[in-house]
Amino acid sequence: SPRRSQSFASATPGEIALMIRTGGNRALIGFKEANATDGVDSYGRVLTRSATTAGVRDLLRALGVTLQYEFKNLPAVVAVIPPSIVPALLANPNIDYVEPVGIGRTTQLAQDTTWNIRRVQGLQVWPRTRGTGVKVLIMDTGIQLSHPDLSVPVAWRCIGPGSTSDIAGHGTHVAGIAAALNNTIDVIGLAHGITVMSANVTVSDVYNLYIDYAQVACSIDVGIANGVFAYNMSFGGGSENTTLNDAINAAYYQYGSFFAASAGNGYSGPVLYPASRAEVVAVTA
């Protein structure tokens, strides 16, 4: 009997035909010599003569089969076939197997509502608001502007040359937690209705990437001009900065802006700056 992969070893010709029909009539067809068990050995070495392969290809074309791809290193083709001919193909002594093409998936099969959404009772809040109409500025390493699960209409770097897109991955991660789109892929953000803006506030030397408080302060200044309500700062340090303090105070007291920052990635110890400011909500790991 024709050789089949383990997945289809027990399937009948009718069942294989149905799977091929469901998959858009696309099939993988392997060839072999009439007196051989397999067309290829367990090491992938071809056991089928080129003349046999050519002959079966001609037969398939005569049966109305469209060959989408003819393998050069294997006696096989990718084809579009009438599912009704599957039993006849499997009965042909020069056909090794006929199988549906099959699909693989990435690790994330569908959009996932992650644990943090439930932890802060996001599901209970969503019937009331998902942040629609609110502008939020993510001040970080930038955001991957082409990411299929994020929409970032405005991105800037307000001092000097440099990329507005993500240069380290961190800003994209943060933006996803906040505002990943409500679609069919990856995760969903807690406030997926907000308008996300991005500021790349990093500088680097030969060895490290740093958050630059001058970039942060001027980004708050630009944010005020663009009607930003909430500012996210997923970073922190030990020393305060006068200009950054003034920028935060101006947005907070004069415009009623909201600030959140990282308290640090531990459960104890001093709260990092600028999360230590009274005007900023400190968020710990």
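Details
- Of the residues making up the range 24-36, those that are under 22 Å from Val101 (Cα atoms), surrounded by 12 or more Cβ atoms within 10 Å (Cβ to Cβ) and of a type outside the set (Phe, Trp, Tyr) are Asn25, Arg26, Ala27, Leu28, Ile29, Gly30, Lys32.
- Residue tally, condition closer than 16 Å to Leu89 by Cβ and free of Cβ contacts under 8 Å to residues at least 40 places away in the same chain, over the range 13-40: 1
- Of the helices (runs of 4 or more DSSP H) lying entirely inside the range 46-148, those carrying at least 3 residues that are buried (at least 18 other Cβ atoms within 10 Å of the Cβ) and among the hydrophobic types (A, V, I, L, M, F, W, C) are 86-91.
- The set of residues in the range 42-93 being in contact with a strand residue (DSSP E or B) (Cβ under 6 Å, 6 or more places away or on another chain) and among the polar types (S, T, N, Q) consists of Thr48, Thr53, Thr66, Gln68.
- Candidate set from the range 11-22 (those that are surrounded by 15 or more Cβ atoms within 10 Å (Cβ to Cβ) and not hydrophobic (A, V, I, L, M, F, W, C)); member that is nearest to the chain's Cα centre (by Cα): Arg21
- In the range 41-60, the residues that are β-branched (Val, Ile, Thr) reach residues that are not in a loop (DSSP other than H, G, I, E, B) with C-beta atoms within less than 6 angstrom, at least six apart or across chains, in these pairs: Val46/Val40; Thr48/Phe31; Thr53/Phe31; Val56/Phe31.
Values in this text are rule-based calculations from the coordinates and carry no lab data. Small disclaimer: the values here were computed from a predicted structure and weren't measured. Note: ideal-geometry Cβ built from the backbone for every residue, glycine included; neighbour counts use all protein chains shown.
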